[in-house]
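Comments concern the structure below.
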């Protein structure tokens with residue numbers, strides 16, 4: 001089993017839609033969790049950290065379920081500019097190794 | 001603040017040639033990383049350095065060497081390039097939790 005798995009995608013949604021991405025991780029001792037976005041041919045950029053209580057940043061909401069080892073990202077009112085690949089990232093229990101999921105590609109269509 | 005910088009942005013090598021990819025960060029981060037990303041695949045860790053003077057192998061270290069020259073700089077060397085090393089190389093740095101990436105080096109080995 002891969003350490004971090006994500007919905008394979010791609011997701012093609014119309015502008016204004018709500019879309020949710022799922023991620024599971026295998027190391028139960030993992031300590032920190034993140035969502036990054038990566039535009040085509042660019043570097044990954046931090047979108048948001050994921051806290052145990054869940055957190056929201058504008059149209060983006062992240063949830064963490066430690067018992068199920070599951071992380072989610074919800075995007076409301078999708079914009080064309082949200083089109084990108086979304087990477088789920090888990091920091092291991094030693095606090096050194098960031099493990100990246102394969103990414104889920106999102107295309108928001110006009 | 002430049003963040004994480006990488007040079008060069010693009011490079012074409014012939015099989016057997018050597019080169020060094022340079023990375024520098026100005027965020028006073030202790031940890032630095034080198035990843036490669038192949039088309040349609042996630043980021044794979046080549047080497048990382050938890051602090052000045054230390055380096056450790058990641059998932060795919062074969063064919064590479066690294067040097068943590070000082071706290072700011074972390075270089076990646078290909079001693080004898082092979083076509084299998086054609087990829088996009090990203091350097092990243094991390095303080096306590098979040099990682100920040102450089103713009104990448106696109107390397108082609110012919």
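Remarks
- Look at (1) assigned to a loop (DSSP other than H, G, I, E, B); (2) farther than 24 Å from residue A:32 by Cα and you find that residue B:60 fails only one, number (2).
- Taken over the range A:77-110, residues that are touching a strand residue (DSSP E or B) at 6+ places or on another chain (Cβ under 9 Å) and assigned to a loop (DSSP other than H, G, I, E, B) amount to 11.
- Restricting the search to strands (runs of 3 or more DSSP E) fully inside the range A:12-76 and requiring at least 3 residues that are more than 11 Å from chain B (Cβ to nearest Cβ) and surrounded by 13 or more Cβ atoms within 10 Å (Cβ to Cβ) gives A:19-25, A:60-65, A:70-75.
- Any hit, the range A:72-86, residues being touching a residue at least 24 places away in the same chain (Cβ under 8 Å), within 30 Å of residue B:51 (Cα to Cα) and out of contact with any helix residue (DSSP H, G or I) (no Cβ under 7 Å at 6 or more places or on another chain): yes
- Flag if residue B:96 is within 14 Å of another protein chain (Cβ to nearest Cβ), out of contact with any helix residue (DSSP H, G or I) (no Cβ under 8 Å at 6 or more places or on another chain), within 14 Å of residue B:32 (Cα to Cα) and in a strand (DSSP E or B): no
- Number of positions in the range B:32-52 that are within 12 Å of chain A (Cβ to nearest Cβ), surrounded by fewer than 21 Cβ atoms within 10 Å (Cβ to Cβ) and farther than 21 Å from residue A:40 by Cα: 2
Bear in mind that the values in this text are calculations on the coordinates, not laboratory data. No experiment lies behind these values; they were computed from the predicted model shown. Because the Cβ atoms are built from the backbone with ideal geometry, glycine has one as well, and the counts that use them run over all protein chains shown.
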